[in-house]
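In what follows, a single structure is set out as structure tokens and then discussed.
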Amino acid sequence: MIAHAFGSHLEDLNGRKFIDGNGSWWSNPLGHRHPRLVKALHDQSARALHVASSLIANPETALLAEEVVAVAPRGLSRVHFSDDGSTAVEVAIKIAFQYWKQNGAKKRTRFISLGGAFHGDTLGAVSVGGVPTFKSAFNELTFEVFHASVEGSNGFERAIEAIESELRDRADDVAGVIVEPLIQGAAGMRMWSTVLLRRLRDATTRADTFLIADEVFTGYGRTGSMWACEQANVSPDLLCVAKCFSGGVLPMAATLATDRLYDGFRGGKDRALMHGHTFSGHPLGAAIAREVLSIYRDEKILEQVGQKAPRLARAFDAMRELPGVSNVRSLGMVAALEVGTDGYAGRRGWAVYEEALKLGAFLRPLGDTVYVTPHFNMPDDTLDELLAIVRESISRTAR
Ligand SMILES: *Cc1c(COP(=O)(O)O)cnc(C)c1O
């Protein structure tokens with residue numbers, strides 16, 4: 001029971017402190033209760049707590065749209081606000097689907113995604129998702145998707161080859177391809193290359209279908225650059241952002257789209273995108289999200305990532321020598337390794353978690369995948385302490 005959260009730390013009801021190695025489930029870029037975010041929330045609450053986004057709008061949300069477009073990959077000029085990562089993905093799926101339906105390609109109804117993908121917990125997101133743990137109970141409720149398997153050696157390369165061949169042979173019914181660029185998060189921090197992402201962009205462009213980048217986890221500096229897509233010099237047609245978007249403070253998400261997509265919905269009410277949540281474009285969320293971008297500029301957050309990422313990578317690299325450890329990897333402010341072979345069902349990761357709690361850090365393993373996703377401006381000494389606890393916890397649980 002966490003009663004207080006401040007900076008890098010969580011404090012429970014008994015006053016015990018833990019370093020937040022999980023970054024509030026990957027959503028927190030600036031630490032807990034950053035004073036400027038607290039102030040932004042306070043200031044906005046003195047103006048308006050909430051106004052609906054139907055017929056009327058609010059200035060914070062409009063300004064946020066402009067500001068996020070300014071830092072987005074080129075070509076993404078339009079913003080649809082929603083509440084969380086799952087709905088940002090739902091909206092991307094619906095936009096792609098409806099676009100083709102009313103713009104002369106009714107046959108384009110099919111989506112392609114990667115095996116092991118996680119795109120959220122609502123039904124459309126579960127359909128394009130590929131993690132059986134989150135999916136199998138709902139199989140009959142989901143729509144059919146071509147999942148390119150990433151299992152086995154060179155799994156991602158073979159998956160991209162499979163998509164390339166699918167897009168070559170039967171592209172005319174494909175509405176879009178959705179991926180988590182460079183890192184599959186919930187699948188167990190599985191990393192893949194910029195080269196393959198670039199190839200996927202080329203293949204979707206050739207087939208004239210949409211590339212949807214789910215940057216809910218990878219966006220906002222997590223992988224070292226503002227967007228993971230940037231590292232592959234890729235601009236997607238649709239981009240989903242949530243998690244760090246609002247500093248991990250409030251539910252706030254966006255789906256970014258190109259002018260081409262936007263224009264495909266003009267020309268009358270019957271062509272509009274019928275998707276709007278009660279709290280879409282929430283002014284409190286927008287005020288926070290604007291302040292997040294402002295802090296990124298003032299505190300040079302991406303530069304801090306550039307400086308701290310090698311620290312993370314070095315410490316994890318050195319854990320290769322620990323018994324039972326395999327597949328050590330890192331990218332930006334994500335570092336991960338396996339402490340067993342059972343993946344999400346694994347138990348040893350949970351033993352490491354228990355040890356880390358005793359030593360004063362909160363990790364949240366994905367089964368046997370032990371990882372850290374700290375906030376981007378965690379002080380170096382706190383980061384070193386966290387990494388030392390990860391190491392010690394793994395050593396103590398070695399068989
Ligand atoms: C967390 C996550 C989601 C879902 O976001 P929620 O805010 O939990 O609905 C979607 N895609 C990816 C890649 C994620 O990591």
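Annotations
- For a straight C-alpha distance cut-off of 26 angstrom, the lysines reachable from residue 39 (same-chain residues fewer than eight places away being disregarded) are 17, 243, 300.
- When the chain is treated as a Gaussian network with alpha carbon springs shorter than 10 Å, the biggest mean-square fluctuation among 134, 18, 362 belongs to 134.
- Here the spin labels are modelled as points 7 Å beyond Cα on the Cα-Cβ line, and at residue 158 and residue 146 they lie 1.8 nm apart.
- Dipole orientation for the chain: of the candidates 142, 86, 203, 203 has the Cα lying most toward the positive pole (charges on Cβ; Lys, Arg +1; Asp, Glu -1).
- Computed on the chain, with alpha-carbon pairs under 8 angstrom and 6+ residues apart, the relative contact order is 22 percent.
- Charged side chains reduced to their Cβ positions (Lys and Arg at +1, Asp and Glu at -1) give the chain a dipole of some 300 debye around its Cα centre.
- Cβ-Cβ FRET estimate between residue 205 and residue 69, R0 fixed at 22 Å, reported to 0.05: 0.55
- Coordinate range along principal axes, alpha carbons of segment 1-119, Å, largest first: 61, 41, 26
- Spin-label model, residue 398/residue 198: points 7 Å from Cα along the beta carbon direction are separated by 4.0 nm.
- Inter-label distance for residue 39 and residue 102, nm, one decimal - labels placed 7 Å from Cα along Cα-to-Cβ: 4.4 nm
- Euclidean distance between Cα centres, segment 313-350 to segment 220-247, Å: 24 Å
- Using Cβ point charges alone (K and R +1, D and E -1), the dipole size of segment 166-318 about the Cα centre works out to roughly 320 debye.
- Within the shell defined by Cβ-Cβ distances under 14 Å, the residues around residue 100 carry a net charge of +3, with Lys and Arg each +1 and Asp and Glu each -1.
- Applying the criteria of a DSSP loop state and at most 16 other Cβ atoms within 10 Å to the trypsin sites (Lys or Arg not before Pro) of segment 346-398 yields 347.
- Where only DSSP H runs of four or more residues are counted, the chain gives -12000 deg cm²/dmol as its mean residue ellipticity at 222 nm, each run worth -39500 (n - 2.57).
- Cα gyration tensor shape for the chain, rounded if a/c is under 1.5, else prolate or oblate: oblate
Read the figures in this text as sums done on the coordinates, not as results from a lab. Note that the structure is predicted; figures quoted are calculated from it, not measured. Here Cβ is always computed from backbone atoms with ideal geometry, including for glycine, and neighbour counts include all displayed protein chains.
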